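Enquirer: Take a look at the following structure, please.
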Amino acid sequence: QKEVEQDPGPLSVPEGAIVSLNCTYSNSAFQYFMWYRQYSRKGPELLMYTYSSGNKEDGRFTAQVDKSSKYISLFIRDSQPSDSATYLCAMSEGNQFYFGTGTSLTVIP
Amino acid sequence: ETGVTQSPTHLIKTRGQQVTLRCSSQSGHNTVSWYQQALGQGPQFIFQYYREEENGRGNFPPRFSGLQFPNYSSELNVNALELDDSALYLCASSSPGTEKLFFGSGTQLSVL
């Protein structure tokens, strides 16, 4: 069983839709939870960073962490074609980060 | 503020050869981590360097080695290349006490 599980998609939505991306994990020692966005042939870009259970909002993005269920989510409101990318969840234990496989998202104009 | 820069952007090698990849960390960051990202997969942790010492290692064989220099830049060396080493190699820098990694654009390595 992988440390972090993420549905690879692909996910295709119309412009303006609400997007929900999810990851589950097995290691209860994970302390920090992150979402990265990766465009084709580029390095991942940090989008959201959370520590505790609960919600964190930044513009059109909301990150949700449920430590009791070992489940994290990223919601994108009013999705735009520029949001088309691969979204990676990541979790850390000490100085080691564990990434999901990424979900490929396409927002259709 | 300069971001993380990596060189070269692309590299083609043959099996058995050796390769060196380079990374300059973001201004103010003294910790560098290296990740391997195979096609369709998430990045996998190779190792981290802090104050010129290896500070944690993932499940990679000893033929993957690294260095960090006094200016915090870093190198990743891979000996005896195998076909499965073909991947995007990502460098990320961070400041101690934060859990935020900032990635470069990566080096795409192809082993033929």
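Enquirer: Please determine, by comparing only the residues of segment B:70-111 that are among the aromatic types (Phe, Trp, Tyr) and buried (at least 21 other Cβ atoms within 10 Å of the Cβ), which one is modelled with the lowest pLDDT.
Expert: Only one residue fits best here, namely B:Tyr72.
Enquirer: Collect the residues in segment A:1-15 that are in a strand (DSSP E or B), within 14 Å of chain B (Cβ to nearest Cβ) and not β-branched (Val, Ile, Thr), keeping them in residue-number order.
Expert: Result: A:Glu5, A:Gln6.
Enquirer: Within segment A:20-42, identify whether any single residue is small (Gly, Ala, Ser), surrounded by fewer than 19 Cβ atoms within 10 Å (Cβ to Cβ) and within 13 Å of chain B (Cβ to nearest Cβ), and answer yes or no.
Expert: yes
Enquirer: A further question follows. Which one is surrounded by the most Cβ atoms within 10 Å (Cβ to Cβ) among residues in segment B:44-65 that are more than 14 Å from chain A (Cβ to nearest Cβ) and part of a strand (DSSP E or B)?
Expert: Within segment B:44-65, the match that is surrounded by the most Cβ atoms within 10 Å (Cβ to Cβ) is B:Phe64.
Enquirer: Something else about it: Looking for whichever is within 17 Å of B:Val32 (Cα to Cα), in contact (Cβ under 8 Å) with a residue 40 or more places away in the chain and outside any strand (DSSP E or B) here; the options are B:Tyr72, B:Tyr89. Which one fits?
Expert: Checking each option against the conditions leaves just B:Tyr72.
Enquirer: So which of A:Arg41, A:Arg60 ends up being basic (Lys, Arg) and closer than 28 Å to B:Pro8 by Cβ?
Expert: That would be A:Arg41, the only listed residue that is basic (Lys, Arg) and closer than 28 Å to B:Pro8 by Cβ.
Enquirer: Quick one: which of A:Gly102, A:Gly94 is out of contact with any helix residue (DSSP H, G or I) (no Cβ under 8 Å at 6 or more places or on another chain) and either more than 14 Å from every other protein chain (Cβ to nearest Cβ) or crowded, with 19+ Cβ neighbours inside 10 Å (or both)?
Expert: A:Gly102
Enquirer: Then there is this: Which condition does B:Leu81 not pass, out of (1) of a type outside the set (Asp, Glu); (2) more than 11 Å from the chain's Cα centre (by Cα); (3) within 14 Å of chain A (Cβ to nearest Cβ), if it passes all the others?
Expert: It fails just one condition, (3).
Enquirer: Testing A:Ser53 on (1) crowded, with 21+ Cβ neighbours inside 10 Å; (2) in contact with a Lys or Arg (Cβ under 6 Å, 6 or more places away or on another chain); (3) away from chain B (no Cβ under 14 Å), one condition comes back false. Which one is that?
Expert: (1)
Enquirer: Just the residues that are under 30 Å from B:Glu54 (Cβ atoms) and of a type in the set (D, E, K, R), please, taken from segment A:71-107.
Expert: Answer for segment A:71-107, where residues must be under 30 Å from B:Glu54 (Cβ atoms) and of a type in the set (D, E, K, R): just A:Glu93.
Enquirer: Then there's this: Among the numbered conditions (1) more than 10 Å from chain A (Cβ to nearest Cβ); (2) touching a Cys at 6+ places or on another chain (Cβ under 7 Å), tell me where B:Ile12 comes up short.
Expert: Of (1) more than 10 Å from chain A (Cβ to nearest Cβ); (2) touching a Cys at 6+ places or on another chain (Cβ under 7 Å), only one is false for B:Ile12: (2).
Enquirer: Looking at the structure I just gave you, is A:Gly43 touching a Gly at 6+ places or on another chain (Cβ under 7 Å) and modelled with pLDDT under 95?
Expert: Details: touching a Gly at 6+ places or on another chain (Cβ under 7 Å): yes; modelled with pLDDT under 95: yes.
Yes; evaluated as a whole, the condition is true for this residue.
The values are calculated or read from the model by the stated rules, or taken from the named source; none is laboratory data. Predicted model only: the values in this text are computed from it and were never measured. Cβ atoms come from the backbone with ideal geometry, glycine included; neighbour counts cover every protein chain shown.
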